[in-house]
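Trainee: Have a look at the structure that comes next, please.
The numbers here are math on the coordinates, done by the rules we state, and not lab data. Everything numeric here is computed off the predicted structure, so don't read it as measured data. Cβ sites come from the backbone with ideal geometry, for glycine too, and all protein chains shown count toward neighbours.
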Amino acid sequence: MTATLAPETIARRPAASTRSPRGRALLYWIAKHAIAVALSIMFLGPLVFIILTAFMSNRQALTSQLWPQTWNWSNFADIFEKAPLLTWISNTIMYSVLATVFMLVSSIPVAYALAKFRFRGRKLAFLLVITTMMLPPQVVAVPIYLIWARFHLTGTLWPLIIPMLLGDAFSIFLLRQFLVTIPREYSDAARVDGCSEFRTLIRVILPMARPAIAAVGLFQFFFCWNDYYGPLLYAGTDQSHWTLSLGLAAFKSQHSTQWNLTMAATILAMAPVIIVFFFAQKVFIEGVKLTGVK
Amino acid sequence: MATATLGRRGKAVPFQRRERRRANLRALLYLSPWIIGFSIFFIYPLISTVYFSFQRYDMFTLEPVGLLNWKYFLHDDAAWTSIKNTLWLVVVMVPLRVLFGLGVAQLVTKLKAGAGVFRTIFYLPSLVPVVAGTLGFVYLLNPGTGPVQAILGAVGIPSPDWFGDPAWSKWGLTLLALWSVGDLMVIFMAALLDVPKQLYEAAALDGAGAWQQFTRITLPVIRPVVMFSAVTGVIQTLQYFTQAMVAARVASGATDSAGSVFTPGYPDGSTLTFPEWLFQEGFRDFAMGYACVLALILFAVSMIFTLILLRQFRGFSEEEA
């Protein structure tokens, strides 16, 4: 829009525009927005092409044409026949929901203690939380895998869910970063009114921390939804334990030339994330800001 | 809070000591999930990893082999290839991502019309599931089928065989990383909007141009945030796994997901990252002792960067705590 308007506007007043300050401001305005539009095309382009390809016929998807000749809505039905997508979706939902709920229950008290309590070793505990958050999961993978193998839980998703009952370093860190910003007066007032520490947390702090809890919960949910490494390590060869990410990565190899179906399955994996984002955009953005550290 | 104040003033000693012990116990109670988790999933595995690094172990037989695993590492060509690739990603991909993120953030904060819409558009790709995004990019950049080839061809630029050419595969992954720069953009935007307006006004009065304002005011003020993101980016890149794994698998057309045949790194080991090799050795070839050697090397390198991070972090976060 801006890009098409721009040249005419300049052309009408060629000499005056670049010299006067107003003209220069206008040029600057046009340049900025033109770059923004160009970047938008680059950022949205891949998504648009994925969607267009998902509607193509299999043969057309193998050409470099951009626009579907016919809109094959049936592709989205076909993918459910080609792979156990419903099983993968329900596994993914189970993993994401349970992990998120477990993480919140266990991490909120930890974050609260780190943010508001005074005790010996408080600083050390916080440093260790950051250290575990930064630790590549591959470092301790072998012994942890052996623990789960001993309990015969390899080949399932439980090794990814159960540890969430014991807190998640990244979530603890983010929640703590938010909780320290809540002024102490609120919990002090509750204590004067005779609230126990636990009731203060539930009744006073949690309602105030709702945006942060929502953000951390969403991050955890989407981390699980998108997770590939975890399921690859634990879900094993039995497809009935796979998640959507795991199945999606194998989908193309099993249906080797069917790019149209692969892209349709890709959309299926992306859609929930993008829909939720549009409803909870503010929560996301505020949450990401927390990760940047002030 | 109350106990601490009391303690510092040094009054009512027995009462204060009891209070302090109660406070410590209460903290212990709240922290207990994490303390248990930290012990089971960090302390124990770390010690165990050191132990296994001196063993040969394939989940059936355990045999002490002394330094054999460590010596093998020195002659393991694939491991060194993976180190070179990971280093490439740290040196090329991380700075490009930070620069690009900073540029996009700077642009969005300067936009007068539609800033919110543009921010949403630029952020959106970073939410796309990694496997889905990678699949999309392999298709888009595939010279036979992808539209990128057609578009570049129309302008007269020959397109490389991105994920099929060892010289270009890491650049393909870099494009993917730049596409999902949204999280960095949001962080940098928050930092940019925090720069006090008066500083710019004062600089403008002194006749500083846009570039001077950026280098003299903006950069110094947001430097901690940029550094923090850069170091975090390095640590994340040391774990770089999914994109390389999926791109190689899809581009090579190899079958299966969790059984055998596929060896990561296609084409020609050019996308083999260090964590991928660790995964391959430990959980596909079941050379678990040797995988522990690789794990300890990864641990040492990431600890160096974590310590850098912690030093910075203390600088600009402790005052509020």
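Trainee: If each DSSP helix of 4+ residues adds -39,500 (n - 2.57) and the sum is divided by the residues in chain B, what number results at 222 nm, nearest 500 deg cm²/dmol?
Mentor: Calculated mean residue ellipticity at 222 nm is -21000 deg cm²/dmol.
Trainee: In terms of the Cα gyration tensor, with a ≥ b ≥ c the square roots of its eigenvalues, is the range A:146-213 rounded because a/c is under 1.5, prolate because a/b exceeds b/c, or oblate?
Mentor: Prolate is the answer for the range A:146-213, as a/c is 1.5 or above and a/b outweighs b/c.
Trainee: Right, next: If we count every other residue with Cβ under 13 angstrom of A:VAL129's Cβ, Lys/Arg +1 and Asp/Glu -1, where does the sum land?
Mentor: Every neighbour counted, the sum reads +2.
Trainee: Another one. Add +1 for every Lys or Arg and -1 for every Asp or Glu among the other residues with Cβ under 13 Å from the Cβ of B:PHE54, and state the total.
Mentor: Its environment carries a net charge of +1.
Trainee: Then there is this: When ranked by the protection proxy of mean other Cβ atoms within 10 Å per residue, highest first, what sequence do the peptides A:118-124, B:143-149, B:57-63 form?
Mentor: On the way: A:118-124: 14.1, B:143-149: 19.4, B:57-63: 11.9.
With the highest mean Cβ count within 10 Å placed first, the list reads B:143-149, A:118-124, B:57-63.
Trainee: Continuing with this model, one more query. Output wanted: per-residue J couplings in Hz (rounded whole) for the range A:213-218, from phi through Karplus 6.51 cos²θ - 1.76 cosθ + 1.60, θ = phi - 60°, x for Gly and Pro.
Mentor: Result, ordered by residue: 5, 4, 5, 5, x, 5 Hz.
Trainee: Could you derive backbone 3J(HN,Hα) for the range A:93-104 from the dihedral phi with the Karplus parameters 6.51, -1.76 and 1.60 (θ = phi - 60°), listing whole Hz in sequence and x where the residue is Gly or Pro?
Mentor: 5, 4, 4, 5, 5, 4, 4, 5, 5, 4, 4, 5
Trainee: Which of rounded, prolate or oblate describes chain B when judged by the alpha-carbon gyration tensor and an a/c cut-off of 1.5?
Mentor: The shape class here is oblate.
Trainee: Bin width 10 Å, alpha-carbon pairs only: give the P(r) of the range A:82-292 as whole percents, running from 0 to the bin holding the largest distance.
Mentor: Final binned percentages: 8, 28, 31, 21, 9, 3, 0.
Trainee: What is the fewest-to-most order of A:LEU52, B:LEU99 by other Cβ atoms lying within 10 Å of their Cβ?
Mentor: Numbers: A:LEU52 18, B:LEU99 15.
Neighbour counts put them in this order, fewest first: B:LEU99, A:LEU52.
Trainee: Also: Averaging sequence separations of C-alpha pairs under 8 Å and six or more residues apart, then dividing by the length of chain B, give the relative contact order as a whole percent.
Mentor: 25 percent
Trainee: Let me ask something additional. Sort the protein assembly as shown into rounded, prolate or oblate with this rule: let a ≥ b ≥ c be the square roots of the eigenvalues of the Cα gyration tensor; rounded if a/c is under 1.5, and if a/c is not under 1.5, prolate when a/b is larger than b/c, oblate otherwise.
Mentor: Working: a/c = 1.74, a/b = 1.10, b/c = 1.58.
Because a/c hits 1.5 or more and a/b fails to exceed b/c, the protein assembly as shown counts as oblate.
Trainee: Amide H neighbours of B:GLN55 under 5 Å, counting only residues 5+ apart in sequence or on other chains, H built in-plane at 1.01 Å?
Mentor: Under 5 Å from the amide H of B:GLN55: B:VAL65.
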